[in-house]
Amino acid sequence: MTRRTLRRPLRLSYPRPMQRTRVVLALLAFAAAGHALSQAPAYPSKLVRIINPVAPGGNQDVIARAYAEQMTRTLGQQVIVESRVGSAAVVGTRYVKAAAPDGYTVLAISNTFARVPALQQDAGYDPLKDFAPISLTGDVPLVLVVNLALPAKNVKELIALAKRRPGELTAASSGVGSTGHVAAEMFSRQAGIKMLHVQYKGAAPAVVDLLGGHVMLRFDQVTTSLAHIRDGKLRALGVSTRKRSPALPNVPTIAEAGLPQFEDSTFNGLMAPAGTPRPVIDRLHEAVMKAAGTAELHKRFLDQGIELVASKTPEAFGGFLRDQVKTFARLAQETGMSANQ
C-alpha cells in the first residue's frame, strides 16, 4: 500500500464581520471625499471683497481699487473694495480677522497695520499670527517738505539749524505712529537732533498749517505734497527712498543729501485671514502680480509718485512684514511712543 502525502486544504482568510464593516466604510468615505473634491467649485466662484480699513480717497483706497479692477479680469469674478473705517484701521482689520478663511474677504493694509499693535494694547489682532500674507501692492515715497520761510535749502542745512535750535523746529504728522511721525523720529535719531512733534487728525490739516507757517516741516507722502511742490508753495529737501522718485526727479534722496542710512516709505499690501488655503493664496498672489505688471497702470501711478509692486512670493511679503513689525516695535519702545501721546 502506497502512502500518499496528505496536503492541507488551502484556506482563504476573510476579514471578520467588524473588519469588513470598517473596510467598507473607509472605501465609501474615500469615494465620497473624491466626489466632493471633484464637485467643489474652483476658486473664486463668487464676488471677492477687499476691505479698506481707512478713509476712502487716500492712497491705500486708490491703490486697492486699481488692483480690484485688474484682478477682476484675471480671476473671472468681480473684485470690489469695501470701506470699513474706524479706530486707526482697527475696525476693518478685526472684521477681516474674523472672516471665513476662504479667500473671499481680504484686507488692504499699509504701515499702520504693522504698527498699531505696538501702540495700542487693545488692538485686538496680531499682524503676523492672525493673517496670511498675499503680496505687496504699492510703495509710496515720503518727501521731506519745509515751509518756504524756513532758512534751510537742503538736508544738511536743516540738520545744522535743528542743532542750533534744539526742540524748536516743529514737525507735523497725522498722528502718533503715522508714516510722517515715524519718519521724523528716524530722521531725528540718525541726525542727532530733536524736533517738536505736532500731531493732527489727518494729512490735510497738517499740510494746511505747514503752508500757513504754523509748523515748519513735515514728512509727507509724495502724492499729497506733489502739487504744492510743483507750484512752489513748499520746498522739497529730499525723498525717503533709496532711489529718487520719478515724480520728483530733481529732488535728491535723503541718503544722498546727508543721512546715508535713511530709508523709509509707505507700503501697501493685501492680507487674508489666517488659515486661508495655500492654493487660494497663490491664486490671489498671481492676480496681484499680473495687475502690478500692467504697463499702462504702472505708468499712470508712477507719474503720481506711486510705484505698483508685487512680492515675488507670499513668503517674501511675510518676511518683509516681520521686519516692519520688529523694527517699529523697537522704535516705539526706544522713543516711548504710545497711542495716548
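At-a-glance table
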item: Selection from the range 121-155 of residues that are part of a loop (DSSP other than H, G, I, E, B) and among the hydrophobic types (A, V, I, L, M, F, W, C); result: 123, 128, 148, 149, 150, 152
item: Selection count where residues are of a type in the set (Gly, Ala, Ser) and closer than 25 Å to residue 306 by Cα, scope the range 96-150; result: 6
item: Positions within the range 231-247 being modelled with pLDDT of 95 or more and either out of contact with any strand residue (DSSP E or B) (no Cβ under 8 Å at 6 or more places or on another chain) or aliphatic (A, V, I, L, M) (or both), in sequence order; result: 231, 232, 233, 234, 236, 237, 239
item: Residue 255 being small (Gly, Ala, Ser) and out of contact with any Phe, Trp or Tyr (no Cβ under 9 Å at 6 or more places or on another chain); result: no
item: Qualifying residue in the range 245-263 (condition: acidic (Asp, Glu), crowded, with 22+ Cβ neighbours inside 10 Å and under 22 Å from the mean Cα position of the chain (by Cα)); result: no
item: Selected residue [of a type in the set (Val, Ile, Thr) and either part of a helix (DSSP H, G or I) or under 17 Å from residue 240 (Cα atoms) (or both)] from 198, 208; result: 208
item: Strands (runs of 3 or more DSSP E) completely within the range 1-118 that count 3 or more residues being in contact with a Ser or Thr (Cβ under 7 Å, 6 or more places away or on another chain), surrounded by 11 or more Cβ atoms within 10 Å (Cβ to Cβ) and modelled with pLDDT of 95 or more; result: 48-52
item: Which listed residue, of 286, 307, 315, is in contact (Cβ under 8 Å) with a residue 24 or more places away in the chain and touching an Asp or Glu at 6+ places or on another chain (Cβ under 7 Å); result: 307
item: Close pairs (6 angstrom Cβ cut-off, 6 or more residues apart or separate chains): modelled with pLDDT of 95 or more in the range 256-273, of a type in the set (Phe, Trp, Tyr) and part of a strand (DSSP E or B) anywhere; result: 271/131
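The values are calculated or read from the model by the stated rules, or taken from the named source; none is laboratory data. Note that the structure is a prediction, hence the values are computed from the model and not measured. Neighbour counts run over all protein chains shown; Cβ positions are idealised from the backbone, glycine included.
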